[in-house]
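Asks: Here it is: the structure, laid out below.
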Amino acid sequence: MAQQRWVRLSVEQPTSTVCVLGTELSLDVRGAAPLDATGFDVWGTPGVNLYVILNGKVMKIPSLLPKWPLDASVEVLAGMDMPSVEVDDEKVRISYFKNSGKTPIAKALLRLTCVEISLDADTNRSGSVSRRARDKSHWTWGPDGKGAILLVNCDRDDSQEGGMDNQDLQVRSYEDLRDMSLMILTTRGPDEAFVEHQLLLHVSASDNDKVGVFHTRGKKLSQYKHILGSGKLSYPVEHASGQEEAIFYVEGLEFPDIGFSGLVSFHVTLLEATGKDLPEAPIFKDTVVFRIAPWIMTPNTLQPITVYVCSTGNNDNFVSDLNKFTTKAGCNLIICPKTENRGDQWIQDEMEIGYVQAPHKSFPVVFDSPRNRKLDVFPFKSVLGPDFGYVTREPADKVVSSLDSFGNLEVSPPVTVQGKEYPLGRILIGSYFPSAEGDEMVRVVRDFLCAQEVQCPVELYSEWLVVGHVDEFMTFVPAADRKGFRLLLASPSACYKLLNEKEQEGYGDAMMFDGLEAGRQKSISAILSDKALRGHNEYFQKCIDWNRDIFKEELGLTEDDIIDIPQLFSTRKGKALAYFPDMVNMLVLGKYLGIPKPFGPIIQDECCLEREVRQLLEPLGLRCTFLDDFEPYHLGWGEVHCGTNVRRKAFSFKWWNMIP
């Protein structure tokens, strides 16, 4: 249904008004009628489309009925198909009659000027502006959805100093413009019509701190003027003679979050002068809605691009081995020097690298965790840059726990759960057991993750661990069959089963931690006879099994999707630490797996733990490389995954095509 506007008529003098292309004027034929009038007829010039609605039936003028009754059920609509050449060049006349008289007792004349006013953006999500699209004021999800998309301009294209590009009110580079979404205001019609009317571009007060808009008057950067956002609510748009388009560039300032859905609306309103010392009256409004693109995490199944690691002085051998491994996997390696990491090697805990995407542009965005230890400045200082954005969330009281580190933040590959599709996977965060009091990830981070909508978070139980991170007991690896991946779970039960088998085969004297300094070694038989160790691991297995059930329910997994990786845990104050290097805490680079070297018992010249893992994973087409992380990472309560970070390719699936 076309936008309608009520227009009052007069039999005393002609009325002039503007008709905006694509809208209809509902003419007040009854309000202008003389008291004794009982009927009317309608006439218009060829450029006007006229319709009479009587008792719900629509009839186009001219029609077979010469006159129409003046009653409450009658309505006259007028519209036009093209902009006028001159002001008042089209006309509508209403003639009023008394009873069956043939001579009109009065006439009302309406002079019309048609103008085109259209505020447009990429509402079809094609990468270019969709002209004169319908339903611009609504945003819908799905492959058939409509609505424009806006990126948070949170990278730093202009220099290596300062903040993000959306923290100022200037366009400093043409690269900066490419991160913004185009919005075009089209105005066509007689210049005189726009002299007598005002066009106002505006945004609601609730949205003005979420977006910024620049108006360009030319190609030079100095000709881009900040006009909306950051306190500016409206902007009068001048219609220059002969110029039909005004070009605007729109940037996002804030990601979706608690209290902000991510939807922002821009309006252009046509204002008509009403009289001296009186404000102008609105007679037309066009609206376009943008949704700010969410921050999206990337799972292990996506192609790796860059690996990050810290050089701390005591991990030189590990960094050297990692360099060889990443080269084999075809990835870049970025080494954060000691001057920047200040001895903090846990780069996985400091940040998570995801991305944002619009039809015209995509770039990675680093999410800086609130842990704020010695690596706290690295994401902002060294990762933020050209086409690499930055976002963070910190609690107001600055109080955080280990659960707020991003080793406690993972994401699954795409899954389908009871018919519900999650084409971008589901975020996984560790929390406390439902029946007990304990810590959980801070509210500001959890609210942020939920507000992105596209990767509906799942809470796991991780507080049974000393460090409390989900990456200590689970990871995903790619696979060519089934769902395209396997979930790997640390398993004390699988480890005891393997050790029992080796003892029964006569290898009970084989030593765990073989190859490390004297005093650490412990035989298979000694481990199996340690009742306290076994009792603790039976409890830890129950904790993992609780999460196993969550994975099945929330990710739609079956037992065939899960592989148990042998692992034992020691105990510290009733919570778990990896007894030997935690093999699920691995680095996944496509088919190449960088697995913590477990230093298991050597049987027939091979570590039996390594052999077991190879037999479990290599049939999937995966290649296992065991990296020695014992001294620099394992003894510090972490492993390979904790000490590395990965930037991966974005999903090929476009987030706006899903239905949350």
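Asks: So which GluC sites (Glu not before Pro) in the stretch 37-131 are both in a DSSP loop and have at most 16 other Cβ atoms within 10 Å of their Cβ? Please list the in-between numbers first.
Replies: On the way: sites: E75, E86, E90, E116; in loops: E86.
Taking the stretch 37-131 and a limit of 16 other Cβ atoms within 10 Å, the loop GluC sites (Glu not before Pro) found are E86.
Asks: Another question about this same structure. Of [x] 82, 64, 59; [y] 96, 73, 60; [z] 120, 52, 43, which is the value of Cα extents along the principal axes in Å derived from the coordinates here?
Replies: Here the calculated entry is [z].
Asks: Taking 8 Å as the Cα distance limit and 6 or more residues as the minimum spacing, I'd like the relative contact order of the stretch 304-657 as a percentage.
Replies: Values: 694 pairs, mean separation 65.7, N = 354.
For the stretch 304-657, the relative contact order is 19 percent.
Asks: 7 Å from Cα along Cα→Cβ at both K381 and A518: what's the point-to-point distance in nm?
Replies: So the two model labels end up 4.5 nm from each other.
Asks: By count of other Cβ within 10 Å, fewest leading, how are L499, L593, L487 ordered?
Replies: On the way: L499 25, L593 28, L487 21.
Sorted ascending by nearby Cβ count, the order is L487, L499, L593.
Asks: Let me ask something else about it. Once you place label points 7 Å from the Cα toward the Cβ at S401 and S26, how far apart are they in nm?
Replies: So the two model labels end up 5.9 nm from each other.
Asks: I would also like to ask the following. What order, most packed first, do the peptides 577-589, 556-568 have when packing is the mean number of other Cβ atoms within 10 Å of each residue? Walk me through the numbers on the way to the answer.
Replies: Details: 577-589: 25.5, 556-568: 18.8.
The packing order, highest mean first, is 577-589, 556-568.
Asks: Can I ask one more? From Cα pairs below 8 angstrom and at least 6 apart in sequence, can you work out the relative contact order of the stretch 4-116, rounded to a whole percent? Don't jump to the answer; show the numbers that get you there.
Replies: On the way: 271 pairs, mean separation 41.8, N = 113.
Dividing the mean separation by the residue count of the stretch 4-116 yields 37 percent.
Asks: Separate question: Longer than 27 Å from Cα to Cα, which of K324/K575; K324/K597; K361/K483; K502/K542; K381/K649 are they? Say none if no pair is. Don't skip to the end; give the middle numbers.
Replies: Working: K324/K575 35 Å; K324/K597 16 Å; K361/K483 29 Å; K502/K542 24 Å; K381/K649 22 Å.
Pairs exceeding the cut-off: K324/K575; K361/K483.
Asks: Helix 316-329: angle to the longest alpha-carbon principal axis of the chain, degrees 0 to 90, nearest 10?
Replies: Value to nearest ten degrees: 60.
Asks: Still on this structure, please answer the following. Full extension from A240 to S173: what is 0.36 nm times the residue separation minus their Cα-Cα distance, to one decimal in nm?
Replies: Values: separation 67, 0.36 × 67 = 24.12 nm, distance 2.65 nm.
Full extension of this stretch gives 21.5 nm more.
Asks: Taking +1 at the Cβ of each Lys and Arg and -1 at the Cβ of each Asp and Glu, which of P69, V211, N314 sits farthest along the dipole of the chain towards its positive end, judged by Cα position relative to the Cα centre?
Replies: P69
Asks: Also, I was wondering about something else. With no solvent and one equal point scatterer placed on each C-alpha of the stretch 414-472, evaluate the Debye formula and give log10 I(q)/I(0) for q = 0.17, 0.18, 0.22, 0.26 Å⁻¹, two decimals.
Replies: -0.64, -0.70, -0.92, -1.07
Asks: Additional query: At 0.36 nm per residue, minus the direct Cα-Cα distance, what do L577 and D530 gain on full extension? Give it in nm, one decimal, please. The partial results should precede the final answer.
Replies: Values: separation 47, 0.36 × 47 = 16.92 nm, distance 1.65 nm.
Using 0.36 nm per residue and subtracting the Cα-Cα distance, I get 15.3 nm.
Asks: Identify the trypsin sites (Lys or Arg not before Pro) of the stretch 85-163 meeting these criteria: DSSP loop state and at most 16 other C-beta atoms within 10 Å of the C-beta.
Replies: Working: sites: K91, R93, K98, K102, K107, R111, R125, R131, R132, R134, K136, K146, R156; in loops: K98, K102, R125, R131, R132, R134, K136, K146, R156.
Those satisfying the criteria are K98, K102, R131, R132, R134.
Asks: Nearest 10 degrees is fine. How inclined is helix 531-555 to the longest principal axis of the chain, computing both from alpha carbons?
Replies: Here the helix axis deviates by roughly 20 degrees.
Asks: At 7 Å along Cα-to-Cβ for each site, give me the label-to-label distance between V195 and D89 in nm.
Replies: Each label point lies 7 Å from its Cα, and together they span 1.6 nm.
Asks: Using alpha carbon centroids, what distance separates the stretch 400-463 and the stretch 50-102, in Å?
Replies: If we compute the Cα centre of each part, the gap is 62 Å.
Asks: Using 0.36 nm per residue, how much length does the chain from K420 to T287 gain when fully extended, once their Cα-Cα distance is taken away? Write down the numbers at each step before the final one.
Replies: Working: separation 133, 0.36 × 133 = 47.88 nm, distance 3.26 nm.
Here the segment from K420 to T287 would lengthen by 44.6 nm.
Asks: Between helix 608-617 and the chain, what is the angle of the helix's C-alpha long axis to the longest principal axis, kept within 0 to 90° and rounded to the nearest 10?
Replies: Around 30 degrees separate the two axes.
Asks: OK, next. Excluding same-chain pairs closer than 8 in sequence, count the lysine pairs in the stretch 137-242 whose Cα atoms lie under 24 Å apart. Mind dumping the intermediate values first?
Replies: On the way: K146/K210; K210/K225; K210/K232; K219/K232; K220/K232.
Lysine pairs satisfying the spacing and distance rule in the stretch 137-242 number 5.
Asks: Considering the zone a paramagnetic label at S222 would reach in this model (a point 7 Å from Cα along the Cα-to-Cβ line), which residues of the stretch 135-176 have amide N under 17 Å from it?
Replies: 170-174
Asks: Among the GluC sites (Glu not before Pro) in the stretch 366-454, which ones are in a DSSP loop with at most 15 other Cβ atoms within 10 Å of the Cβ? Mind listing them?
Replies: Values: sites: E410, E421, E437, E440, E453; in loops: E437, E440, E453.
Those that pass, being in a loop and sparsely packed, are E437.
Asks: Now for a separate question. With contacts defined as alpha carbon pairs under 8 Å and 6 or more residues apart, what's the relative contact order of the chain in percent? Before the final figure, lay out the partial values.
Replies: Values: 1542 pairs, mean separation 72.8, N = 660.
Value for the chain: 11 percent.
Every read-out reported here was derived from the displayed coordinates using simple, explicitly stated rules and does not represent laboratory data. The shown structure was predicted, so the numbers you read here are calculated from the model rather than taken from an experiment. Every residue, glycine as well, gets a Cβ built from its backbone with ideal geometry; the counts of neighbours run over all protein chains shown.
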